[in-house]
1. Take every Cα pair under 8 Å in segment 5-81 that's 6+ residues apart, average their separations, divide by the length, and report that relative contact order as a whole percent.
2. For a footprinting-style exposure proxy, rank Thr15, Thr24 by other Cβ within 10 Å, fewest first.
3. Tell me the angle of helix 41-58 to the major Cα principal axis of the chain, expressed in degrees between 0 and 90 and rounded to the nearest ten.
4. Summing Lys, Arg as +1 and Asp, Glu as -1, what charge do residues with Cβ under 13 Å from the Cβ of Trp35 carry, Trp35 excluded?
5. By count of other Cβ within 10 Å, fewest leading, how are Tyr45, Tyr71 ordered?
6. In degrees, nearest 10, range 0 to 90: what is the angle between the Cα axis of helix 5-21 and the longest Cα principal axis of the chain?
7. Of the labelled options (i) 1.00; (ii) 1.06; (iii) 0.95, which one gives Rg/Rh (Cα atoms, Kirkwood Rh) as computed for this structure?
8. For each of Leu12, Leu7, Leu55, count neighbouring Cβ atoms within 10 Å of the residue's Cβ, then give the residues from fewest to most.
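Every number in this text was worked out from the coordinates using simple rules, so none of it is lab data. In this text the structure is predicted, and so the values were computed from the model without any measurement. Note that we place each Cβ from the backbone using ideal geometry, even for glycine, and neighbour counts take in every protein chain shown.
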Amino acid sequence: MGIDDELGEKILAWTDRFQKFFVTEIDGFAMRPRWRPGINVFDWYDEGYRIVGELRARFPDVHVKPEFAQYVFSVNERRESMGLVPVSLPNEPKAG
């Protein structure tokens, strides 16, 4: 496939940390997903982007799309990072 052992090991270690520490996504807009203690989820997120960068460099003709922000940030945090207004369910206080 073209992925060398070093990058393959990084990917396996990164996904192993996810399997070991991730608990659940939250059903709502403002709360972050839950992780077990013992991991810095922002470091995990940053490592994911480093891996994406390496994959893009090795496979320039392939669209490598990161889809892991949903496991770190709330829906509203992701919306706000895209310049969108936060959302809330009916009868919940409006964010902002």
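1. 34
2. Details: Thr15 13, Thr24 9.
Ranked by crowding around the Cβ, least crowded first: Thr24, Thr15.
3. For 41-58 against the chain, the angle is about 50 degrees.
4. +3
5. Details: Tyr45 15, Tyr71 18.
Fewest-to-most Cβ neighbours within 10 Å comes out as Tyr45, Tyr71.
6. With rounding to tens, the tilt is 30 degrees.
7. Here the calculated entry is (ii).
8. Ordered by Cβ neighbours within 10 Å, fewest first: Leu12, Leu7, Leu55.
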